[in-house]
1. Which of the residues that make up region 101-120 are buried (at least 21 other Cβ atoms within 10 Å of the Cβ) and either in contact with a strand residue (DSSP E or B) (Cβ under 6 Å, 6 or more places away or on another chain) or farther than 18 Å from residue 159 by Cβ (or both)?
2. Is there any pair with a first residue in region 10-24 that is at positive phi and a second that is part of a helix (DSSP H, G or I) and modelled with pLDDT of 90 or more whose Cβ atoms are under 8 Å apart and which are 6 or more apart or on different chains, and what are they?
3. Please verify whether residue 51 is free of Cβ contacts under 8 Å to residues at least 12 places away in the same chain and part of a helix (DSSP H, G or I), treating the condition exactly as stated.
4. Considering (1) part of a helix (DSSP H, G or I); (2) surrounded by 14 or more Cβ atoms within 10 Å (Cβ to Cβ); (3) touching a residue at least 12 places away in the same chain (Cβ under 8 Å), say which one residue 128 fails and leave the rest.
5. Would a scan of region 77-100 turn up a residue that is loosely packed, with under 15 Cβ neighbours inside 10 Å, part of a helix (DSSP H, G or I) and under 21 Å from the mean Cα position of the chain (by Cα)?
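The values are calculated or read from the model by the stated rules, or taken from the named source; none is laboratory data. Everything numeric in this text was worked out from a predicted model, so none of it was measured. Cβ placement follows ideal geometry from the backbone for every residue including glycine, while neighbour counts extend to all protein chains displayed.
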């Protein structure tokens, strides 16, 4: 299963979430950069009229960014889009694996109708996201041909596809993300320590040489900007949650050996997708924090 094999709603929600995430962090990055730049100009040209005007303009721009973030709320679209995408993905895997309520107890036509009804319910529950959702032909259909093809396979082949395209795929993704956030946490922690140490050394030197001229305010503003960035990115939190998720997925894969027939496969998929759906719950919870 490739990304474009999932329902169009998944691809639209995923795209909206990624775009909103990019807008949010780009705005925050620009905001923090302008704060440091304003502090730098104010320090270097404290008595200069043009310096004062430049600082005032930069602060006005940062104010505009804050207003834009408050009004547009890209983080809401980011979190809601991710939650919708994960919900659709879970429903899709349950459908193509013939897990309840899309099992062999119902006809293929009924199974398709139930999936479409569930996708519509997900969309109805997230009407606030509708303005950010786009539709283009390349987003695919509500039920792709690949989904239908996999659903028609014997249960052994479907289980093999689930382990490789769902379990292994998620395990690798979470593992890579965990390592990435771990590295970023260490890097930004080092930068923060260096900035704070620099500010302390400057202050101590000023005690010895009161007439010394150091950009302590600029360094302090930069340190605060770094702290704000780290808090927004949640490197340590994501490292822990992604690492835990990766270990849970390995345990899920181990449980697949107990699958002996179609009914066991349905039960395994339901339990597995319940574990994967924690991603949906986490995104919803983060939105409400």
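1. The answer is 115, 119.
2. none
3. So residue 51 fits the description; yes.
4. Single failed check for residue 128: (2).
5. Checked region 77-100: no residue is loosely packed, with under 15 Cβ neighbours inside 10 Å, part of a helix (DSSP H, G or I) and under 21 Å from the mean Cα position of the chain (by Cα).
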